[in-house]
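Student: Dropping the structure in here first, questions after.
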Ligand code: SF4
Ligand code: SF4
């Protein structure tokens, strides 16, 4: 039986109750070929009707959105740093990780967040009550409640990437992957993408890029592996990604064990006091 709290789960959709032979679908984002054009950000907004999140200039880079959020479902990070060989630019189109063990989904009290037949994680706007429990639960800071004027679409509700549930249900490619001109964002069968990611890292190592590494690729990590796998050219922290993300449910068995031991200790102490008072 598959552990529903943490660890590898090769059949996430089946374990969520779906009965079909639909393979798990996901993303492989190869940052080594990202050119920072932001076509993915624009395509996502246009297809999904995501409102603007302010036309800000951060002053620190060409990044004008700063981070993923309720109105930024794809975020192209621009990382500028100085090294021995001069200035280096790293670009990475970040997105929801569609975790194997998704904390946002686990804590949602209304069932608004659900696992689709594709193994992805989606919010249902008409069920979300805006309680915000999912927001601190996500170890990546992906999901958030939308802020804005009262007439802003879905204001107050939790919002994030749906992996274009409506498009992939019709056999189409998600808008961001469709718009990407360099194929930095690749969509497809997750097992095939993972194999492609392995091959790409091996190629880059052969070509003298030893810093190439995969992120979200290990089913034994703290979230059971991601549905969005990334190829990075530096440590995850450099891109603003957590190095060791963990789903909160991983620690539940240990917490319950400690709580049980504490309750047992109190019971023993109470019995001791009661017996000790007997004349
Ligand atoms: S990255 Fe965050 S919002 Fe996306 S599925 Fe995982 S826990 Fe949920
Ligand atoms: S999969 Fe769809 S919803 Fe998700 S980031 Fe890409 S375009 Fe946006």
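Student: Treating the angle as unsigned and between 0 and 90°, give the value, to the nearest 10°, between the Cα long axis of helix 190-206 and the longest Cα principal axis of the chain.
Tutor: 60 degrees
Student: Relative to the first principal axis of the alpha-carbon coordinates of the chain, what is the inclination of helix 39-48, with its axis defined by its Cα atoms, in degrees from 0 to 90 and to the nearest 10?
Tutor: Value to nearest ten degrees: 60.
Student: Still on this model: Label points 7 Å out from Cα along the Cβ direction at residue 147 and residue 278: separation in nm?
Tutor: Here the modelled spin labels are 6.3 nm apart.
Student: What nm distance separates the two modelled labels at residue 195 and residue 183, each placed 7 Å from Cα along Cα→Cβ?
Tutor: Result for the modelled spin labels: 1.6 nm.
Student: Remind me, relative contact order of region 51-210 in percent, using alpha carbon pairs under 8 angstrom and six or more residues apart?
Tutor: 16 percent
Student: Quick one: which of 264-276, 60-72 comes out on top by average Cβ neighbours within 10 Å, and what's the full order, highest first?
Tutor: Packing order, densest peptide first, comes out as 60-72, 264-276.
Student: What does the highest-first list of 139-145, 251-257 look like by mean Cβ count within 10 Å?
Tutor: 139-145, 251-257
Student: Sorted by packing (mean other beta-carbon atoms within 10 Å per residue), highest first, where do 114-120, 21-27 land?
Tutor: 114-120, 21-27
Student: A further question follows. Let's test the formula: R0 of 22 Å, r as the Cβ-Cβ distance of residue 202 and residue 234. What FRET efficiency results, to the nearest 0.05?
Tutor: It comes to 0.75.
Student: Further, regarding this structure: Neighbouring Cβ atoms within 10 Å as the yardstick, rank 261, 214, 193 fewest first.
Tutor: 261, 214, 193
Student: For residue 271, project a label point 7 Å along Cα to C-beta. Then give me every residue of region 234-262 with its amide nitrogen under 20 Å of that point.
Tutor: Residues passing the 20 Å test: 257-262.
Student: Okay, next question. Taking the Cβ of each residue in 215, 6, 239 as the centre, tally the other Cβ atoms inside 10 Å and list the residues starting with the fewest.
Tutor: Arranged by neighbour count, lowest to highest, 215, 6, 239 become 239, 6, 215.
Student: Over the alpha-carbon set of the chain, divide Rg by the Kirkwood Rh and report the Rg/Rh ratio to two decimals.
Tutor: 1.07
Student: Let me check against my output: what whole-number percent is the relative contact order of region 1-141, with C-alpha pairs under 8 Å and at least 6 apart?
Tutor: This gives 24 percent for region 1-141.
Student: Post the alpha-carbon centroid distance, region 231-259 to region 92-133, in whole angstrom.
Tutor: Answer, in whole Å: 17.
Student: Can you tell me how region 1-96 classifies by the Cα gyration tensor, rounded, prolate or oblate, using a/c under 1.5 as the rounded cut?
Tutor: prolate
Student: How far apart, in nm, are two points set 7 Å out from the Cα along the Cα-to-Cβ line at residue 85 and at residue 264?
Tutor: If labels sit at residue 85 and residue 264, their model points lie 5.9 nm apart.
Student: Could you tell me how many degrees, from 0 to 90 and to the nearest 10, lie between the Cα long axis of helix 252-276 and the main elongation axis, the longest principal axis, of the Cα atoms of the chain?
Tutor: Once rounded, the angle reads 20 degrees.
Student: Continuing with this model, one more query. Between residue 256 and residue 135, what is the FRET efficiency for a Förster distance of 35 Å, r being their Cβ-Cβ separation, to the nearest 0.05?
Tutor: Taking R0 as 35 Å, the efficiency between residue 256 and residue 135 is 0.90.
Student: Pulled fully out, how much extra length does the chain show between residue 127 and residue 155, if you take 0.36 nm times their separation in residues and subtract their Cα-Cα distance?
Tutor: Taking residue 127 through residue 155 to full extension adds about 8.7 nm, to one decimal.
Student: So if I restrict to the alpha-carbon atoms in region 143-242, what is the Rg, and what is Dmax, the biggest pairwise distance, in Å?
Tutor: 16.7, 54
Student: How high is the relative contact order of the chain? Use alpha-carbon pairs under 8 Å, at least six apart in sequence, and give a whole percent.
Tutor: 25 percent
Readers should treat all values here as calculations from the given coordinates under stated rules, not as data from a laboratory. Quantities reported herein were computed from a predicted structural model and do not represent experimental measurements. Cβ sites come from the backbone with ideal geometry, for glycine too, and all protein chains shown count toward neighbours.
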